[in-house]
Amino acid sequence: MPRALQYEQQEEAGIMPLYRVVFEEQGGSRVVCRIRAALDANHMTLAVQKIWGAACYWSWVPGSDTEDRVYERLGDPDAPEDRARTGPTTVEIAPAQRRPRVPYSVIREP
């Protein structure tokens with residue numbers, strides 16, 4: 001079954017698909033998070049705010065589908081006072097699979 005169809009069926013059943021979002025700063029850190037969101041949600045906003053906080057946002061490099069920086073909004077939303085939280089960063093969003101659950105009875109102390 002095509003993955004897109006599978007996610008549409010999950011959403012109809014009330015189960016939102018799981019996504020893996022990777023932010024990799026050029027010459028710096030790599031941050032990975034998993035988010036569960038509807039197909040039409042703004043996945044970038046959800047991932048950025050999950051990692052860096054509600055005042056942060058992602059702004060794309062013009063003409064790029066994968067690069068820019070994370071910024072933090074300081075004070076007035078219309079003021080150009082926002083500060084960069086990351087250097088140039090590449091992002092990758094992909095469907096993720098839920099990690100298998102291990103029954104408690106299988107986890108034993110040595």
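The values are calculated or read from the model by the stated rules, or taken from the named source; none is laboratory data. Values in this document were obtained by computation on a predicted structure and should not be read as measured data. Using ideal geometry, Cβ is built from the backbone for each residue, glycine included, and neighbour counts are taken over all protein chains shown.
Inclusion of Ser105 among residues that are modelled with pLDDT under 85, assigned to a strand (DSSP E or B) and not hydrophobic (A, V, I, L, M, F, W, C) is not warranted.
Residue count for the range 75-92, restricted to those that are in contact (Cβ under 8 Å) with a residue 12 or more places away in the chain, surrounded by fewer than 13 Cβ atoms within 10 Å (Cβ to Cβ) and among the aliphatic types (A, V, I, L, M): 0.
Pairing residues of the range 38-51 that are exposed (fewer than 14 other Cβ atoms within 10 Å of the Cβ) with residues that are aliphatic (A, V, I, L, M), at Cβ distances under 9 Å and at least 6 apart in sequence or on separate chains, gives Ala38/Met16; Leu39/Ala4; Leu39/Met16.
Of the residues making up the range 20-78, just one is among the aromatic types (Phe, Trp, Tyr) and part of a helix (DSSP H, G or I), namely Trp52.
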